[in-house]
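Some notes on the structure that comes next.
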Protein chains: 2
Amino acid sequence: MKSILLLGAGRSASSLIKYLLDYAPAEGWHITIGDIMVAHLQPLVAPLSFAKAILFDVHNEAQRAAEVSQADLVISLLPAVFHIEVARECLKQGKDLITASYVTPAFLALHQEAQQKNLTILMECGLDPGIDHMSAMAVIRRIRQAGGQLTSFKSYTGGLVAPEYDTNPWRYKFTWNPRNVVLAGQGTARYIRNGEYKYIPYQQLFRRTDELYVEGYGPFEGYANRDSLSYREPYGLLNIPTMLRGTLRRQGYCEAWDVFVQLGLTDDSYTLEDSEMMTYSSFVAAFLPPATTETQSIAGRLSLYLGIPQDGEVMQKLAWLDLFSEKSVALAGATPAQVLEKILKEKWTLAPGDKDMIVMQHLFAYELAGETREVTSTLVAMGDDEVHTAMAKTVGLPVAILAKLLLQGKITQRGVVIPIYPELYEPVLKELKEYGIDFIEKETVKTE
Amino acid sequence: MKSILLLGAGRSASSLIKYLLDYAPAEGWHITIGDIMVAHLQPLVAPLSFAKAILFDVHNEAQRAAEVSQADLVISLLPAVFHIEVARECLKQGKDLITASYVTPAFLALHQEAQQKNLTILMECGLDPGIDHMSAMAVIRRIRQAGGQLTSFKSYTGGLVAPEYDTNPWRYKFTWNPRNVVLAGQGTARYIRNGEYKYIPYQQLFRRTDELYVEGYGPFEGYANRDSLSYREPYGLLNIPTMLRGTLRRQGYCEAWDVFVQLGLTDDSYTLEDSEMMTYSSFVAAFLPPATTETQSIAGRLSLYLGIPQDGEVMQKLAWLDLFSEKSVALAGATPAQVLEKILKEKWTLAPGDKDMIVMQHLFAYELAGETREVTSTLVAMGDDEVHTAMAKTVGLPVAILAKLLLQGKITQRGVVIPIYPELYEPVLKELKEYGIDFIEKETVKTE
């Protein structure tokens, strides 16, 4: 009997929980699920002798220590800031840990101690980061083993809405934390292209997109993530001339989103005066230069200010959000980003029955025997329903599979580890196929 | 005999030091000047029995306490971050303090204790903040006493180069901390216009300038400062419909500076890869989209990218900085802002003999007896030479005069005080005239 302690049971944990409960009898697991809200879990676990849900407060040191002591393996899907305390407790008590979050400097500092104690802290095991590492490393390894020399690697991931439910002019709905979507891209994106470091500041980010195409799903666009450089080392691509990681959206999204950026509506650094008195249109007007005539509409002033065609698609997208309406903001002490998030939530929330879609595309170029070859590896994953969304499946299933492998003693890596090793990614990618999470590859020889 | 401890003897302290030394014999002052570098002061103070210069390290707690204990009044021109420790020491030992820096929340927290101890902490006593408060309050008080109702107050200040030495296409040279000039305006500018709060994000700030005109000196332009709202309360203008504080430059400066903003060259939040290997032109190229043909020049790519006329004044300004040259950056681990500062310093440093100029303009509108009246109050101050620059005089002299008034017992305000009271600003403005620091006022009745 092995005990698993899962911390964090929010929306993205659904598929992970289902997997653990499904495998528990055969694997001999006992599952404890801790969260600040567990009522929704009771119908699921109450009938099961091998599972329970408990109220768990990560700030309660005594509870944290007690629950970790009962576990053989801890999985944390808590908000990323809480992981480090959990990790320290695991280290203290000699327990393995898995999370889907980024390795931070605080975690790197635990690497050596974890190795010395023969423990594994598996991180970046979800979708992005997670499946992106695993699927990329599988291709990179194959190219290397064939003697190829990688010259370019670009990788884009997007959480979108499935085609059948892709019904609004933005071709986007929130399938993930709305706040993160509003704040996405702030700072300067850094990458390398043909051996030259490139920098794209926020005010240019949504104007400098790449075009992408997915067979059967049509065109997409990608904007660069903040940091495309730091994975060169773990991927073994320190001297690769071109490397870029990005976020994927449907065509036209970025041009319209750029309006918010240019106006300043995504700023989260200060609160608006009297935001509770604002309407959507007075919110927008606060960022516009004064009207030059009394008859100018807010939409007209905006299109003039930013040079956007008055009857074009961008203005249509904005109008569809009711951005120029007299709807009330009704948020006190709000930042511009918080007001924008509220406006977007009204229109971009998944409707009952809506299904989401994850799209990930890797583009590799390499030299082999005097030829330049290109590999495109693409994942399209659909949600099953509102609970088992594509996001929940792609984040939760790799974590769950790695948990199984770890408990089965099949992972030999120790310390703070990300899934860039064949012993991790090969079985995970293989099992993910059973859940329809599968990459389609296309290889071409580039002709001059 | 009264003892004055002056902390900080950098370039902007020259006129303050001269004033203190000039008045010391008649006023019966003993002057101690402390700085981390004092060699340049020795020729000045060595012959004087009533003055000395000492090596002073603000981080040395014992020295701080010892020197403050000797003083009747402390003046701090140290970098603003160091003031609070000095203030706490003054409070502890019951000494008055004067600085030219902004009142921060940490200082506000000392207000009550200072009042209880019958002490005065005079702040914002330089140019901006300082002379701007004093000169504006003098006009505001007069308008109020005449029964006028203020409807608009805009105020702009700029540190520029005197017309005779205004010889480069930017019409700008560094007369103040270059780093602050490079980082100026980051964040979102907030002001109020006709009763509506307005917000200008950094990426629009240098595009949304106001036109200004100074008799005898021609046209200028102004961009909004970050915070125009917080002075409504101390000025007694809580319900004023329009209030804006801004920074003043020569016409054309902002349009060209905006190129740096749009490219991302003013970002100070990350370091460039291999910055020590960069040339000026490769620095610029790192922020440009890839070339579309092999023959495109960096300048050509920039003008295409940002839509700037290739042979216009903006491109001329940029080329004049050697921005497209193969000059070496030669700075390791530098941020974009640090590289830009280096490039600008080469061209914008005052030449020997150059004189600087301070321009401040207040624009008031008020209603009186059914009429709308406008008052323009303008200061133009020239540097005497490279030591007694306009900046040093306008920052240092009001501090010095207020020090004299405080030691003469003529200031009754206690606590943390800014110079918005007639007992402070009237004698200061009067004495500043003797130094040629004088406002010219023009009042007009607005006709429909």
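Computed quantities for the displayed model
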read-out	value
Failed condition for B:A400, given (1) assigned to a helix (DSSP H, G or I); (2) over 21 Å from the mean Cα position of the chain (by Cα)	(2)
Subset of the stretch A:86-137 [at pLDDT 95 or above, among the polar types (S, T, N, Q) and buried (at least 19 other Cβ atoms within 10 Å of the Cβ)]	A:T99, A:T120, A:S135
Considering residues of the stretch A:283-299 that are facing another protein chain (nearest Cβ under 9 Å) and hydrophobic (A, V, I, L, M, F, W, C) only, the residue farthest from A:G333 (Cα to Cα)	A:L288
Long-range neighbours under 9 Å by Cβ, at least six apart or interchain, first residue at positive phi within the stretch B:295-322, second aromatic (F, W, Y) and not in a loop (DSSP other than H, G, I, E, B)	B:D322/B:Y280
Residue count, the stretch B:228-240 (criterion: closer than 18 Å to B:M360 by Cβ and touching a Lys or Arg at 6+ places or on another chain (Cβ under 6 Å))	1
Verdict on A:Y253 being within 11 Å of chain B (Cβ to nearest Cβ) and within 17 Å of A:L306 (Cβ to Cβ)	no
Subset of the stretch A:346-392 (residues that are assigned to a strand (DSSP E or B), closer than 16 Å to A:V181 by Cβ and not polar (S, T, N, Q))	A:D356, A:M357, A:I358, A:V359
When residues of the stretch B:318-339 are limited to those that are in a helix (DSSP H, G or I) and in contact with an Asp or Glu (Cβ under 9 Å, 6 or more places away or on another chain), the one farthest from B:G126 (Cα to Cα)	B:P336
Count of residues meeting criterion [more than 22 Å from B:P241 (Cα to Cα) and among the aromatic types (F, W, Y)] in the stretch A:281-312	1
Residues that are hydrophobic (A, V, I, L, M, F, W, C) and at the interface with chain A (Cβ under 9 Å from one of its Cβ atoms), drawn from the stretch B:268-277	B:L272
Pairs, first in contact (Cβ under 8 Å) with a residue 60 or more places away in the chain in the stretch B:387-403, second acidic (D, E) and open to solvent by 10 Å² or more (accessible area, probe 1.4 Å), C-beta under 6 Å, six or more apart	B:I401/B:E431
Options A:P201, A:P241: the member that is in contact with a Gly (Cβ under 9 Å, 6 or more places away or on another chain), within 14 Å of another protein chain (Cβ to nearest Cβ) and open to solvent by 10 Å² or more (accessible area, probe 1.4 Å)	A:P241
Subset of the stretch B:251-269 (residues that are more than 18 Å from B:A299 (Cα to Cα) and open to solvent by 10 Å² or more (accessible area, probe 1.4 Å))	B:Q251, B:G252, B:D267, B:D268, B:S269
Unique match (being within 12 Å of chain B (Cβ to nearest Cβ) and modelled with pLDDT of 95 or more) among A:L331, A:L323, A:L302, A:L265	A:L265
Those residues of the stretch A:158-187 which are buried (at least 23 other Cβ atoms within 10 Å of the Cβ) and hydroxyl-bearing (S, T, Y), in sequence order	A:Y172, A:T175
Of the criteria (1) over 16 Å from A:A9 (Cβ atoms); (2) in contact with a strand residue (DSSP E or B) (Cβ under 8 Å, 6 or more places away or on another chain), which one A:V38 fails	(1)
Of the criteria (1) of a type outside the set (V, I, T); (2) under 32 Å from the mean Cα position of the chain (by Cα); (3) surrounded by 15 or more Cβ atoms within 10 Å (Cβ to Cβ), which one B:G333 fails	(3)
Pairs, first on the phi < 0 side of the Ramachandran plot in the stretch B:176-188, second open to solvent by 70 Å² or more (accessible area, probe 1.4 Å), C-beta under 8 Å, six or more apart	B:P178/B:K345; B:T188/A:S269; B:T188/B:R226
Residue match in the stretch B:382-393 (condition: among the hydrophobic types (A, V, I, L, M, F, W, C), farther than 23 Å from B:C254 by Cα, at pLDDT below 95 and open to solvent by 10 Å² or more (accessible area, probe 1.4 Å))	yes
Given (1) part of a helix (DSSP H, G or I); (2) more than 14 Å from chain A (Cβ to nearest Cβ), index of the condition B:G246 fails	(1)
Residue that is closer than 24 Å to B:L183 by Cβ and either at pLDDT 95 or above or of a type in the set (G, A, S) (or both), where the choices are B:I420, B:I401, B:I411, B:I343	B:I343
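The values are calculated or read from the model by the stated rules, or taken from the named source; none is laboratory data. Keep in mind the model is a prediction, meaning the values are calculated, not measured. Every residue, glycine among them, receives a Cβ derived from its backbone with ideal geometry; neighbour counts consider all protein chains shown. Areas reflect the complete protein model, heavy atoms only, side chains present, ligands, DNA and RNA absent. Shrake-Rupley method; radii C 1.70, N 1.55, O 1.52, S 1.80 Å.
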